[in-house]
Amino acid sequence: MSNTAHDDDWVKRPADASDGTTCTAADYERMYAESVDDADGFWAEQAARLDWIEKPTRIAGWSYDPVDIKWFEDGKLNICHNAVDRHVDAGNGDRVALIFEPDSPDGEGRTITYAELKAEVVRMANTLKKLGVKKGDRVTIYMPMIPEGAFAMLACARIGAIHSVIFGGFSPDAIAGRVEDCRSDWIVTADQGLRGSKVVPLKANVDAALEKASAKAVLVVRHTGGDVAMTEGRDHWYQELSADVGEECPCEPMNAEDPLFILYTSGSTGSPKGVLHTTGGYSVWTETTFRYVFDYRPGEIYWCTADIGWVTGHSYIVYGPLQNGATSLMFEGVPNYPDHDRFWAVCEKHKVNIFYTAPTAIRALMREGEGHVAKHDLSSLRLLGSVGEPINPEAWRWYHDHVGGGRTPVVDTWWQTETGGIMITTLPGAHDMKPGSAGRPFFGICPQLVDNDGHVLDGATEGNLCITRSWPGQARTVYGDHERFIQTYFSTYPGKYFTGDGCRRDADGYYWITGRVDDVINVSGHRMGTAEVESALVLHPKVSEAAVVGYPHDIKGQGIYCYVTLNAGEESSDDFAGELRQWVRKEIGPIATPDHLHFTPGLPKTRSGKIMRRILRKIAENEFGSLGDTSTLADPTIVDSLIEGRQNR
Ligand code: WTA
C-alpha cells in the first residue's frame, strides 16, 4: 500500500450522493462565488436559519488593520435557544438529542430527547444561578465525557455566562493557570471520570488546583460515586443543590458580539492563550459548517469521538449538531477498551451514520488489524470524517476501505481552535477526494499561500497558509489580551490572518496541509507548544536548560523529543529520566509525556545565544546527514556529540 500522496490520486464521490438536499458540485461553485462576491447576502441568508430575538441588519463588520472583528453586530440571539428550545418549540421535543455511551460496555447508557435536554439544561442553569453566576461571569468546566458536560456548557450559554472548558486530562497546575487567567469564580466538575476503566480523579485535581488559584464555588456532579473530599461552604453536590430549583429559566438575550466561551490553546510562545469566541458568528458558523460538511439528514445518528475539552467537541459534539436538531453521540471511553473494536462495536450498537474521528485513532486501530472492524456490521455508516492533524494516505485508504466499506466519502476537515469551525474540506456530494488532501475552501473562506517574506504565491505552490478575509466563526480576541491576539495572528503577515500551518496547493486547487511551521507540535491530535514542555522541564530543580522539538511518530503523528541539560554536578540515569517524565505529566498532563529524553552537556547555540532548533529537529528525526550550515555555532563540536547520543534510532 502506498503512503505517498499523489495529486492525481482521485477517489470518486458516490454517484448517488445527492438526495436533493446535498450540496452538489454546481451548488458549491455557485455558492462559493456568492459567499465571496456578496458575503453580506450569503451570510444573512445562512443566519436566517436561526431564531433571532433581533434580526441583524449589519452582517460583516470586520477589519484586519486595525484588528477588529464583528459579525451580525446589531443582532440578538441565544445559542442555547437555537440548540435546544427551538426544536422543542417546533414540535420535535421527542427527537433524540444526545446518546450517552459509557466507558464500559456494561455501564449504564442514556438517551436524552430534546425535551429532556431542555429540562436538564434549565436545571443546571438554575443551579448555577443559585450559586450566584450571572451574565458575563466565567465558569470553568472540568468534566468527563458525560452528558452533564454538555448541560453545563449549554446552561452557561443560556444565562449568558462565559464557559471555559478544560480538558479532563489536564493537571491541577494547568487548571489553576486557566482559572486564574480568566478569573473564573465557579468550577463545574465531577467526582471522577472513567477512561478505559481507569479512574481520573477530577475533583481531587480541582482541589489541588485551588491550593494555587481561588474560586467561590465548586459544583460537583456525582458520576462514579467514588469518595471525594468536599470543602464546606465551597463545594456542592450538583444532585443535591439542583433538587429544588425551578423548572423555568428564560434564555438571556445576547448581543451577537457578546462572549460565548473561552478555550485555552497552545501557541509557539508563552502559556496557553484564552481564545475568545462570541455568540452570533460562532452560532452561524457551526450551524452552517455542520449542515454542509456532514450533510446531515433528519433522524441520522452522528458520532464525533473528540472530547468536549477541545474545540472539536465544542463545535461538533455540542453546538453544530444540536443547532441542526441532530442526534449526537457522546462517548466516555477510549478506542481500545475493552478491546480494539470498541469504536466499531459502538457504531454497530447505535447504528451510527456519520463518524468523525482523528487520524491518530485510525492509525492506532489500523495497527491492530482489520479483523476488529470485520467483526461488526458497519453498514449504517454513510459518511466518515477526519480532523486534528494531517491524515496520511495509507490511513485514509484504510479508513475508507475497511471502516467505510469503500462506499462512504471521507471528509478531511482542516480547521483550528481559532477558526471556530471547519475551513477547508471536501463536501460529500460536491467533491471527489484525494487521500491526504483536505480539499477545497468552505464558503466564505479565502486561503492564501505566502512565502516567508510575505509574497503572495499563485497557482500550484507551497507556502505559509493565511486567510485574507474574516468569516463568522473567527475568534475575536485573546481573553484579556487583545495585543497578544494581534501579535500572534496578524503581525507576521500584516492584513492577513496567519494560521501557523504550512500548506501546498495543487493544480486542481486542492489544499494539502503539511503541518505547523511554528513551534507548535501536534501529538495525537493534541496541540502543544514546545515552549510549554520546556517550561515544565526547567521547573525541575536539577534541570538547567531544555529544548523540545517534534519528530514524526507512526501512531501519534508527532512525538515529543526533549533535549535536557542538567545543573553542574547532576548525573542523568534511567531512574531520573523516569522521574522527569512523571514531572512533566504532573505539570501539564499525560498528553505531554516526553517520548525521548536526551541528556546533553550543551545545546547548539549561535554566538548570540540562540538555540538552533533546525539542527535539533534534524537529529530528533534521525536525519543528521543533512544538517546544513553549522559554522555559525558557538561550539560546532556539540553537534557530533548530539548525533552520537541521539535517542530516535
Ligand atoms: C492541525 C483542531 C491537517 C493544524 C480542530 C491546525 C490539521 C491545528 C487538520 C489546530 C487537518 C487540524 N489536516 N492538519 N484536517 N485539522 N489540523 O486548534 O496544524 O486543536 O493548525 O484544532 O491542527 O489544532 P486545534
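Within the range 295-307, how many residues turn out to be outside any strand (DSSP E or B), within 18 Å of Trp414 (Cα to Cα) and touching a helix residue (DSSP H, G or I) at 6+ places or on another chain (Cβ under 8 Å)?
Adding up the residues that qualify gives 3.
Does Phe167 qualify as being under 18 Å from Phe261 (Cβ atoms), out of contact with any Ser or Thr (no Cβ under 6 Å at 6 or more places or on another chain) and surrounded by fewer than 24 Cβ atoms within 10 Å (Cβ to Cβ)?
yes
Can you tell me which residue among Trp10, Trp71, Trp62 is within 28 Å of Gly325 (Cβ to Cβ) and in contact with a strand residue (DSSP E or B) (Cβ under 9 Å, 6 or more places away or on another chain)?
Answer to the check: Trp71.
In the range 210-233, which residues are over 15 Å from Glu148 (Cα atoms) and among the charged types (D, E, K, R)?
Result: Glu211, Lys212, Lys216, Asp227, Glu232.
Based on this model, can you work out whether Ser2 counts as polar (S, T, N, Q), loosely packed, with under 15 Cβ neighbours inside 10 Å and at pLDDT below 95?
Yes; evaluated as a whole, the condition is true for this residue.
Which condition breaks for Leu457 when tested against (1) among the hydrophobic types (A, V, I, L, M, F, W, C); (2) over 28 Å from Leu263 (Cβ atoms); (3) within 16 Å of the ligand (Cβ to nearest atom)?
Result: Leu457 passes all but (3).
Could you list, ordered by first residue, the pairs with Cβ atoms under 9 Å in which the first is in the range 411-438 and within 14 Å of Ile513 (Cβ to Cβ) and the second is within 9 Å of the ligand (Cβ to nearest atom) and among the basic types (Lys, Arg), at least 6 apart or interchain?
Within 9 Å, the pairs are Gln416/Arg527.
For the range 163-182, which residues satisfy the criterion of being within 12 Å of Val139 (Cα to Cα) and hydroxyl-bearing (Ser, Thr, Tyr)?
Hit for the range 163-182 is Ser164, nothing else.
Among the numbered criteria (1) in contact (Cβ under 8 Å) with a residue 12 or more places away in the chain; (2) over 30 Å from the mean Cα position of the chain (by Cα), which single criterion is violated by Asp574?
Against the list (1) in contact (Cβ under 8 Å) with a residue 12 or more places away in the chain; (2) over 30 Å from the mean Cα position of the chain (by Cα), Asp574 comes up short only on (1).
Sort out for me the strands (runs of 3 or more DSSP E) sitting completely within the range 348-418 that have 1 or more residues that are in contact with a Lys or Arg (Cβ under 7 Å, 6 or more places away or on another chain) and more than 15 Å from the ligand (Cβ to nearest atom).
354-357
For residues in the range 425-451 being under 18 Å from Asp401 (Cα atoms) and charged (D, E, K, R), which is surrounded by the most Cβ atoms within 10 Å (Cβ to Cβ)?
That would be Lys434.
Applying the selection to the range 293-322, what residues are buried (at least 24 other Cβ atoms within 10 Å of the Cβ), of a type in the set (Ser, Thr, Tyr) and away from the ligand (no atom under 16 Å from the Cβ)?
Within the range 293-322, Tyr302 is the sole residue that qualifies.
When the residues of the range 328-346 are narrowed to those that are touching a helix residue (DSSP H, G or I) at 6+ places or on another chain (Cβ under 8 Å) and surrounded by 21 or more Cβ atoms within 10 Å (Cβ to Cβ), which ends up farthest from Pro147 (Cα to Cα)?
Trp344
Which number in (1) crowded, with 24+ Cβ neighbours inside 10 Å; (2) in contact with a Ser or Thr (Cβ under 6 Å, 6 or more places away or on another chain); (3) closer than 25 Å to Pro335 by Cβ marks the one condition that Val179 misses?
Of (1) crowded, with 24+ Cβ neighbours inside 10 Å; (2) in contact with a Ser or Thr (Cβ under 6 Å, 6 or more places away or on another chain); (3) closer than 25 Å to Pro335 by Cβ, only one is false for Val179: (3).
Identify, from the list Arg585, Arg581, the residue that is surrounded by fewer than 24 Cβ atoms within 10 Å (Cβ to Cβ) and either in contact with a helix residue (DSSP H, G or I) (Cβ under 8 Å, 6 or more places away or on another chain) or outside any helix (DSSP H, G or I) (or both).
That would be Arg585, the only listed residue that is surrounded by fewer than 24 Cβ atoms within 10 Å (Cβ to Cβ) and either in contact with a helix residue (DSSP H, G or I) (Cβ under 8 Å, 6 or more places away or on another chain) or outside any helix (DSSP H, G or I) (or both).
This table checks each residue for (1) among the small types (Gly, Ala, Ser); (2) over 21 Å from Tyr282 (Cα atoms).
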{"residue": "Ile112", "(1), (2)": "no, yes"}
{"residue": "Val121", "(1), (2)": "no, no"}
{"residue": "Asp137", "(1), (2)": "no, no"}
{"residue": "Ile146", "(1), (2)": "no, yes"}
{"residue": "Ala155", "(1), (2)": "yes, no"}
{"residue": "Ile175", "(1), (2)": "no, yes"}
{"residue": "Val179", "(1), (2)": "no, yes"}
{"residue": "Ala190", "(1), (2)": "yes, yes"}
{"residue": "Ser197", "(1), (2)": "yes, yes"}
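Go through Leu276, Leu260 for me and flag whichever is of a type in the set (A, V, I, L, M), in contact with a Phe, Trp or Tyr (Cβ under 7 Å, 6 or more places away or on another chain) and more than 30 Å from Glu534 (Cα to Cα).
Testing whether each residue is of a type in the set (A, V, I, L, M), in contact with a Phe, Trp or Tyr (Cβ under 7 Å, 6 or more places away or on another chain) and more than 30 Å from Glu534 (Cα to Cα) leaves just Leu260.
Name the single residue, out of those in the range 499-537 being among the aliphatic types (A, V, I, L, M) and outside any strand (DSSP E or B), that is farthest from the ligand (Cβ to nearest atom).
Top of the filtered list is Leu537.
Just checking, how many residues over the range 467-485 are outside any loop (DSSP other than H, G, I, E, B) and either within 16 Å of Gly454 (Cβ to Cβ) or of a type in the set (Asp, Glu) (or both)?
Selection size over the range 467-485: 2.
Okay, residues lined up against (1) closer than 17 Å to Gln474 by Cβ; (2) surrounded by fewer than 23 Cβ atoms within 10 Å (Cβ to Cβ); (3) touching a Leu at 6+ places or on another chain (Cβ under 6 Å):
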| site | (1), (2), (3) |
| --- | --- |
| His402 | no, yes, no |
| Val411 | no, no, no |
| Trp415 | yes, no, no |
| Thr419 | yes, no, no |
| Met423 | yes, no, no |
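Name the one entry in Phe261, Phe343 that is free of Cβ contacts under 8 Å to residues at least 40 places away in the same chain and among the aromatic types (Phe, Trp, Tyr).
Phe343
Condition check: small (Gly, Ala, Ser), within 13 Å of the ligand (Cβ to nearest atom) and either touching a strand residue (DSSP E or B) at 6+ places or on another chain (Cβ under 7 Å) or not in a strand (DSSP E or B) (or both). Does Gly421 satisfy that?
yes
The values are calculated or read from the model by the stated rules, or taken from the named source; none is laboratory data. What you see is a predicted model, and the numbers here were worked out from it, not measured in a lab. With ideal geometry, Cβ positions are generated from the backbone for all residues, glycine too; neighbour counts draw on all protein chains shown.
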